1. Mind checking which residues of the stretch 126-168 are at pLDDT 95 or above, buried (at least 17 other Cβ atoms within 10 Å of the Cβ) and in contact with a Gly (Cβ under 8 Å, 6 or more places away or on another chain)?
2. Within the stretch 234-257, is there a residue that is among the polar types (S, T, N, Q) and within 26 Å of His173 (Cα to Cα)?
3. Looking at (1) open to solvent by 10 Å² or more (accessible area, probe 1.4 Å); (2) touching a residue at least 60 places away in the same chain (Cβ under 8 Å); (3) not charged (D, E, K, R), which is the one condition that is false for Val301?
4. Any idea which of Val224, Val270, Val258, Val216 is farther than 30 Å from Pro127 by Cβ and open to solvent by less than 50 Å² (accessible area, probe 1.4 Å)?
5. Considering only the stretch 10-20, how many residues are open to solvent by 10 Å² or more (accessible area, probe 1.4 Å) and at negative phi?
6. Could you grab me the full set of residues in the stretch 240-255 that are farther than 18 Å from Arg223 by Cβ and either open to solvent by less than 40 Å² (accessible area, probe 1.4 Å) or of a type in the set (Gly, Ala, Ser) (or both)?
7. Residue by residue through the stretch 20-73, note down the ones that are assigned to a helix (DSSP H, G or I), at pLDDT 95 or above and not hydroxyl-bearing (Ser, Thr, Tyr).
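The values are calculated or read from the model by the stated rules, or taken from the named source; none is laboratory data. Please read these numbers as outputs of a predicted model, since none were measured by experiment. A quick note on method: Cβ atoms are made from the backbone with ideal geometry, for glycine too, and the neighbour counts reach across all protein chains shown. Side chains included, ligands, DNA and RNA excluded: accessible areas come from the protein's heavy atoms. Shrake-Rupley method; radii C 1.70, N 1.55, O 1.52, S 1.80 Å.
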Amino acid sequence: MRIALVGPLAPWRGGLSQYLGLLGDTLARRAEVRGVTFTRQYPSFLFPGTSQIDPEAERPGFPVDSMLDSIQPLSWRRTARHLEKFAPGAVVLKWWMPFFAPGFASSVGPLRRRGTRVVLVCDNLVPHERRPFDDAFTGWMLRNSDGYLVMSDSVERDLDRLKPGAPRRRVAHPLYAQFDRGRWTRASARAHLGLDPGAEVALFFGYVRRYKGLDVLLSAWPRVRARRPVTLVVAGEFYDEATPYRELARAAGGEPGVRLLDHYLPDDQVEAVFKAADVAVLPYRSATQSGVTHVAYALDVPVITTDVGGLAETVVAGETGLVVPPENPEALAEAVVRYFEQGMGERMRRGVESLRRTHSWETLADQTIGLVDELKPGRGWR
């Protein structure tokens, strides 16, 4: 079997790249796998961060060629020719943003006419932040793909609306166990971050955009601090204007109540902030799913999340975390206080441990191969 992966792969940074690399490494134990990644992923107007590259990112164990430029049509044709030489039975793409439809569809469309099947791993089918041409670009990609891996009810409903009856597999988002390398203990992580060894610590993790609701969490924090001495660590790069968030942090009392780590964190620092935390908080306004819960679970950290999109589906309420209504600072503060007042951490960590056994990359690889079997490729398969 021959499988090509197309999308962000190391050294491109972030969870999308890590997901595709880990899936590819698992598939490579069962098939011949090759990857194609970007020479340019986002043009600068779509990427407000400092860098899209992580030089320290661990490279996949399968061959990867950098040749796809998201805004250069000549590279799309070059990618299509390169993939055709491999003649894969399946191409697997990570799909999260309609902007990439022209490059992706032009790169894989010609292969479909020769028997290759195209599978989308769907993070979102409807983007969090809408832009002109989203619907047209999404339709373009759906016409140039055959099967779909979906990880939440909300994405599956979108698929049913946009492409009724499309072949799909509902899969659990695997856990990002690669972060847990034993580099930190709770005590050493807290010492590294300058946190008191006995402090109660909540974590907001990931890049900051409005839909993630950090402003709601910061608005809730004075209520939390009035009842419990919980430190909120905000770890992630600001993709929105940072000033309003900094003002909310000051209004919440500043340090030690709120600690801002406003930059991209490499893997070892990701492990540190989660090892230091008692609970991760996801106060999102909207979402389909989030990789943050799967980083948290991989590092034995329960979560408090809002009931939006597929986020609540990742939580066994009362066993691996708590679920609250969105855009409700009072309910969010009450959940944080209750988590610590009632000493829920130890019991929920046991629940997280049982969940870890069911969210594996091996299961995702099995489902991917099973879906391609169903699609019956005309070449490069069994």
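1. Those that are at pLDDT 95 or above, buried (at least 17 other Cβ atoms within 10 Å of the Cβ) and in contact with a Gly (Cβ under 8 Å, 6 or more places away or on another chain): Asn144, Arg168.
2. no
3. Looking at each condition in turn, Val301 falls short on (1).
4. It is Val224.
5. 7
6. Across the stretch 240-255, the qualifying residue is only Ala242.
7. Matches in the stretch 20-73: Leu20, Gly21, Leu22, Leu23, Gly24, Asp25, Leu27, Pro73.
Listed here are the residues, each with its yes/no results for (1) part of a loop (DSSP other than H, G, I, E, B); (2) in contact with a Lys or Arg (Cβ under 8 Å, 6 or more places away or on another chain); (3) basic (Lys, Arg); (4) open to solvent by less than 70 Å² (accessible area, probe 1.4 Å).
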residue	(1), (2), (3), (4)
Glu313	no, no, no, no
Pro326	yes, yes, no, yes
Glu330	no, yes, no, no
Phe340	no, yes, no, yes
Met348	no, no, no, yes
Gly351	no, no, no, yes
Glu362	no, no, no, no
Ile369	no, yes, no, yes
Glu374	no, no, no, no
